[in-house]
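Enquirer: This structure is in structure tokens; I'll ask about it shortly.
Where a number appears in this text, it was derived from the coordinates with a stated rule and is not lab data. Values in this document were obtained by computation on a predicted structure and should not be read as measured data. Cβ coordinates were reconstructed from backbone atoms using ideal geometry, including for glycine residues, and neighbour counts include every protein chain displayed.
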Amino acid sequence: IVNGYKQNENEKALDILNLDQLEAQAKEIIPTGGFGYIAGGSEDEWTLQANRRAFTHKQIVPRALTNIEKPELDTNVFGLPLKTPIFMVPAAAQGLAHAKGEVDTAKGLAAVGGLMAQSTYSSTSIADTASAGAGAPQFFQLYMSKDWEFNKSLLDEAKKAGVKGIILTVDATVDGYREADIVNNFQFPIPMANLTKYSEGDGQGKGIAEIYASAAQKIGPDDVARIADYTDLPVIVKGIESPEDALYAIGAGAAGIYVSNHGGRQLNGGPASFDVLADVARAVNGKVPIIFDSGVRRGSDVFKALASGADLVGIGRPVIYGLALGGAQGVQSVFEHLDHELEIIMQLAGTKTIADVKKAKLLNIHY
Ligand code: FNR
Ligand code: LAC
């Protein structure tokens with residue numbers, strides 16, 4: 001119990017039917033305020049729901065006579081060897097789900113050989129999260145502060161901890177209108193390790209809106225360039241939904257484009273993330289790798305995102321639910337389950353490798 005907040009301590013493998021069912025199970029064991037913050041989207045959650053529905057807008061046209069068996073999920077993006085193209089998105093305050101927080105998430109990702117992104121607003125420190133996940137690559141996600149000393153100290157710490165890339169999040173310059181947090185009067189009960197050490201206070205007792213207020217609202221291509229100049233790590237810009245922004249970011253030095261609408265937690269009324277992926281990928285035209293997230297829950301969703309131009313496909317909420325339900329082993333179970341669904345889809349679609357999936361044909365029929 002931290003500040004009256006009960007943290008889960010489960011450490012067990014999970015028997016998963018599908019990722020959607022994890023939400024109801026996690027709701028039973030995560031305290032109301034924390035669950036509302038994790039599950040919630042902004043306003044009436046139209047965009048959050050659109051993220052899921054959008055995957056029905058495209059169908060997979062299978063090839064049958066392809067002579068394949070035993071599909072392979074391994075891939076290599078940004079020069080990083082990965083056992084799966086599915087990765088853990090940056091997600092703040094995982095201490096809300098489990099006492100071990102991002103340290104257990106990192107262990108789970110290392111166990112499956114998948115990439116993990118850690119958030120500026122993590123419950124556990126950059127170094128602890130990085131060492132817990134040794135064996136699989138990690139990216140550090142930066143919320144750019146108005147204080148450049150703070151930004152540089154985080155970038156230095158991330159580099160020292162051995163992360164392989166920096167994600168700059170640009171779609172959360174203010175907090176989306178999160179009605180669950182208002183109803184619950186939610187304020188973070190768990191300190192944020194990276195804020196504890198610096199002048200920004202430790203986040204505890206603050207709502208996400210206040211935390212965001214201390215971050216930068218003004219972010220432009222010059223900031224991408226400034227960060228890319230400061231660190232020699234690849235800088236990936238997260239929260240891109242328009243082809244123009246993708247080209248702006250690349251022109252400013254971005255080494256990757258991350259198509260996302262923050263899981264429907266930010267601009268409500270925007271398109272589903274999946275519905276803008278193909279246009280952004282066409283504009284990027286292979287210049288840099290593309291990362292995708294928001295609403296991914298099925299192996300077929302992963303397949304469709306890869307076939308629409310993504311090189312890495314991220315999941316958020318289901319991993320946090322798996323963390324609450326089973327700690328590191330719970331996280332491992334979530335990724336093993338989704339890998340299994342993807343393997344079945346790849347076999348049935350006649351695609352043996354991830355490279356084959358990226359060339360697969362999708363049909364755009366709105367039923
Ligand atoms: C997030 N997300 C997020 N993104 C980011 O860049 N930095 C962050 O600190 C956070 N924090 C965060 C907390 C929680 C509880 C959630 C659910 C999400 C957004 C995240 O990276 C990703 O874009 C979405 O979670 C993807 O959607 P799904 O898979 O959760 O539907
Ligand atoms: C959120 C922020 C932390 O989505 O990214 O809550």
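Enquirer: Residue separation times 0.36 nm, minus the C-alpha to C-alpha distance between residue 32 and residue 53: what's the value?
Expert: Stretched out fully, the residue 32 to residue 53 stretch lengthens by 4.9 nm.
Enquirer: Hey, any idea what Rg/Rh is for segment 79-145, computing Rh the Kirkwood way over Cα pairs?
Expert: Working: Rg = 11.1 Å, Rh = 11.7 Å.
With Rh from the inverse mean 1/r over Cα pairs, Rg/Rh is 0.95.
Enquirer: How many percent of the alpha carbon pairs in segment 170-240 exceed a separation of 14 Å?
Expert: 68
Enquirer: Whole number please: convex hull volume per residue, Cα atoms of the chain, in Å³.
Expert: About 123 Å³ per residue, rounded to a whole number.
Enquirer: Taking the radius of gyration and the Kirkwood hydrodynamic radius from Cα positions alone, what is the Rg/Rh ratio for segment 1-126, to two decimal places?
Expert: Looking at segment 1-126, the ratio lands at 1.02.
Enquirer: Here's a follow-up. With Rg and the Kirkwood Rh both taken from Cα atoms, where does Rg over Rh land for segment 209-282?
Expert: Numbers: Rg = 13.1 Å, Rh = 13.3 Å.
Across segment 209-282, the Cα-based Rg/Rh ratio is 0.99.
Enquirer: I'd like the Kirkwood hydrodynamic radius of segment 271-337, using the inverse of the mean 1/r over distinct C-alpha pairs, in Å. If you can, show how the numbers build up before the last one.
Expert: Numbers: mean 1/r = 0.0781 Å⁻¹.
Evaluated on segment 271-337, it is 12.8 Å.
Enquirer: Then there's this: Springs between alpha-carbon atoms under 10 Å, Gaussian network over the chain: tell me which of 41, 286, 270 tops the mean-square fluctuations.
Expert: Checking each option, the largest mean-square fluctuation is seen for 286.
Enquirer: Follow-up. Mind checking which of 60, 96, 80 is farthest towards the positive end of segment 47-105's charge dipole, using Cβ charges of +1 (Lys, Arg) and -1 (Asp, Glu) about the Cα centre?
Expert: 60
Enquirer: Here's something else I'd like to know. Using each residue's phi in segment 288-300, evaluate 6.51 cos²θ - 1.76 cosθ + 1.60 at θ = phi - 60° and report the 3J(HN,Hα) Karplus result to the nearest Hz, with x for Gly and Pro.
Expert: 9, x, 10, 10, 9, 8, 3, x, 6, 9, 10, x, 5
Enquirer: Shifting gears a bit: Hey, if you put +1 on the Cβ of every Lys and Arg and -1 on every Asp and Glu Cβ in segment 135-268, which of 204, 186, 163 ends up farthest toward the positive end of that dipole?
Expert: 163
Enquirer: Next question, about the same structure. Evaluate the charge dipole of the chain about its Cα centre and quote only its size in Debye, nearest 20, assuming +1 on the Cβ of each Lys and Arg and -1 on the Cβ of each Asp and Glu.
Expert: Numbers: 33 positive and 43 negative charges, 142 e Å.
Rounded to the nearest 20 debye, it is 680 debye.
Enquirer: I've got another one for you. Treat segment 50-193 as a sphere of radius equal to its Kirkwood radius over Cα pairs and apply Stokes-Einstein at 4 °C in a medium of 1.567 mPa s; give the translational diffusion coefficient in µm²/s, rounded to a whole number.
Expert: Approximately 74 µm²/s, per Stokes-Einstein.
Enquirer: Also, quick follow-up: Return the subset of 83/164; 238/359; 12/100; 107/160 for which the Cα-Cα distance in this structure is over 21 Å, preserving the input order.
Expert: Cα-Cα > 21 Å for 238/359; rest within.
Enquirer: Further question: For segment 209-367, what mean projected area does the convex hull of the alpha carbons give, in nm²?
Expert: It is 11.6 nm².
Enquirer: Taking loop as defined by DSSP and a crowding limit of 13 other beta carbons within 10 Å, which trypsin sites (Lys or Arg not before Pro) in segment 1-43 fit?
Expert: Answer in residue order: 6, 12.
Enquirer: For the pair residue 367/residue 209, report the inter-label distance in nm, with labels modelled 7 Å from Cα in the Cβ direction.
Expert: Once both label points are built, they end up 4.1 nm from each other.
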